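Written below as structure tokens is the structure these notes are about.
The values are calculated or read from the model by the stated rules, or taken from the named source; none is laboratory data. All values derive from a computational prediction rather than experimental measurement. Note that each Cβ is placed from the backbone with ideal geometry, even for glycine, and that neighbours are counted across all protein chains shown. The protein model used for the area step is the full one, side chains on, heavy atoms only, and it has no ligands, DNA or RNA in it. Shrake-Rupley method; radii C 1.70, N 1.55, O 1.52, S 1.80 Å.
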Amino acid sequence: MKYFFYVMGLLLLSFGIALTILSDLGTSPFDALLVGLSFNVGLTVGSWEIIIAAIMIVGNAMLGRQKPELLGIMTAVIVGIGIDFWLHTLSGVIAPVSITSQTLYFATGLIAVGIGTAIYLHTNFAPIPVDRLTLLVKELMKTNLFLSRTAIYLIFLVLALVFGGPIGIGTVLTVCFGGLILNAIMPVTGKTLDRILLPKGPIIP
């Protein structure tokens with residue numbers, strides 16, 4: 001059952017990413033890099049998700065002087081396949097023609113990303129390379145999670161700009177509110193999944 005929610009969480013996460021991309025308001029710095037690479041270099045957005053994750057896993061292992069956390073590739077593969085599936089499926093259905101529809105698609109995508117991430121993280125199954133990198137940068141720079149995550153986002157933002165990724169107001173909103181949405185959703189998701197996943201104790205008459 002835990003693995004079911006792990007996969008469902010990742011598919012919901014990829015659904016949200018696809019919606020933010022199709023909203024044409026801008027995506028997170030990381031997703032903007034993926035789109036920019038796909039548009040200017042080739043391959044699909046999902047393929048670049050897997051490639052960048054693999055590079056980050058090797059880089060994380062070198063920074064942390066430890067073995068590569070190969071389970072992260074499984075996460076990247078599921079998310080990558082999910083992004084390509086949703087983009088292919090929704091591109092013929094979703095075509096924002098006004099700022100209202102763009103905002104609606106983006107907001108729905110941002111919430112879906114938050115819920116999917118909360119579900120996925122609560123299963124505690126496979127590490128996310130960018131999260132591992134955040135912790136490593138925090139330790140190396142002797143700083144906090146906010147500053148380490150911001151530093152990583154800035155690097156991805158520069159790379160996204162170099163490769164012509166979709167940077168816009170949505171990028172700013174993702175950076176500002178993505179973490180807040182996740183923090184608000186995590187407790188509710190955790191309690192709900194615990195009721196489903198944790199074994200029930202014996203009934204004592």
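Every condition in (1) crowded, with 20+ Cβ neighbours inside 10 Å; (2) farther than 26 Å from Val162 by Cα is met by Leu34 except one, and the failing one is (2). Of everything listed in (1) more than 16 Å from the chain's Cα centre (by Cα); (2) within 26 Å of Ile196 (Cβ to Cβ); (3) surrounded by 15 or more Cβ atoms within 10 Å (Cβ to Cβ), the single unmet condition for Gly59 is (2). Do we have Gly82 as open to solvent by 30 Å² or more (accessible area, probe 1.4 Å) and either farther than 18 Å from Gly165 by Cα or out of contact with any Gly (no Cβ under 6 Å at 6 or more places or on another chain) (or both) here? So Gly82 fails the test. Within the stretch 107-131, being farther than 17 Å from Val175 by Cβ and open to solvent by 70 Å² or more (accessible area, probe 1.4 Å) holds for one residue alone: Asn124. The residues on offer are Thr20, Thr100, Thr108, Thr89, and the sole one that is at pLDDT below 90 and assigned to a helix (DSSP H, G or I) is Thr100. Checking each residue in the stretch 32-67 for being on the phi < 0 side of the Ramachandran plot, outside any helix (DSSP H, G or I) and charged (D, E, K, R) picks out only Lys67. Take the stretch 136-155 and flag every residue that is aliphatic (A, V, I, L, M) and open to solvent by 70 Å² or more (accessible area, probe 1.4 Å). Result: Leu140, Met141, Leu145, Leu147, Leu154, Ile155.
For Thr103, the requirement of being β-branched (Val, Ile, Thr) and closer than 25 Å to Lys2 by Cα is not met. Restricting Ala151, Ala160, Ala118 to those that are under 20 Å from Leu10 (Cβ atoms) and modelled with pLDDT of 80 or more reduces the list to Ala118.
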